[in-house]
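Values quoted throughout were computed directly from the atomic coordinates according to the rules given, and no laboratory measurement underlies them. Keep in mind that what you see is a predicted model, and the values were worked out from it rather than measured. Here Cβ is always computed from backbone atoms with ideal geometry, including for glycine, and neighbour counts include all displayed protein chains.
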Amino acid sequence: MQINIVQAVLLGLCACLSSMPGLGGTTFGNYTLGRPLVAGLVVGLILGDMQTGIIVGAAIQVIYIALVTPGGTVSADVRAISYIGIPLAICAIKGMGLDPASDAARDMAAALGAAVGTLGTVLFYGTATVNLVWQHMGWKAVEKGDFKKLYLVDMGLPWISHLLCSFIPTVIITMAGSSMVDLMKTYLPMDGIAMKTLFTVGSLLPAVGVAILLKQVVNKAADFLTFFFGFTLAACMGVNLIGAAVIGGFFAVINYKIQMLKVRPAAAGAAVYDDEEEI
């Protein structure tokens, strides 16, 4: 599969918009357009294979479902994962003739996404470093009282940072994707140790992502029951995501009713106490 210059430019533009500090804003850019689940759809539309894009995006999203970036610290750059890792994964899957819905394809996507995400941190810190130059110019403008210059500092100059550290790397790497796949096919056969290791690592990464998420949301042992119930629905009963969401909604309503019944007696007792005081 060959990525042409127009497709590479569109991917680079999306990378700029979803970069953090983001040109597309925090809500729309980094936390929406920059998420692998959404980027899979966008990349699929750009490359003309929406189904594979969504499958690859979902497989990579599981790994980073609990990714937190406190302050300026990032363990992986989802911008690079989304608009470099997903296109490369699609090229690899198509180039090696894998079924996008197969376990091997998902494992390859997960491994490539994780590798690109780690390397992408260099691009993230590069963007932040160049932005320090514009920040210094902004402080100088404030000291001189030239507040109109802040429009240029805030909305104009950061495009240079993102062009250097988001747009250009994305365009170059994605256009070289097909060549990289050819090299993989030549030097890394599917039945070789290297590819088997890649698939093994890729199959373990989603479990790591789910484990990190559970560590954040589970406060007591009873909280695991919800997770195990969802796992039972999916793994043992074959319920898809929509069905599991509907069942979860039913239980959420039931839990809400139970909690409200617990609150009502306390509220009623407080009302009686207030009436006695007025008498």
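Some notes on this structure:
- Burial ranking of peptide ranges 11-18, 160-167, 250-257, 96-103 (average Cβ count within 10 Å, highest at the top): 11-18, 160-167, 96-103, 250-257
- Other residues with beta-carbon under 14 Å from the beta-carbon of SER19 carry, at +1 per Lys or Arg and -1 per Asp or Glu, a net charge of +1.
- Fully extended contour minus Cα-Cα distance, from ASN4 to GLN216, at 0.36 nm per residue: 72.2 nm
- Label zone at ALA207 (point 7 Å along Cα-to-Cβ), backbone N below 20 Å, region 92-118: 102-115
- Legend: calculated FRET efficiency, LYS140 to THR32, from the Cβ-Cβ distance at R0 = 25 Å, rounded to 0.05, equals 0.15.
- A full extension of the chain between MET237 and LEU45 corresponds to an added length of 65.9 nm, given 0.36 nm per residue minus the alpha carbon distance.
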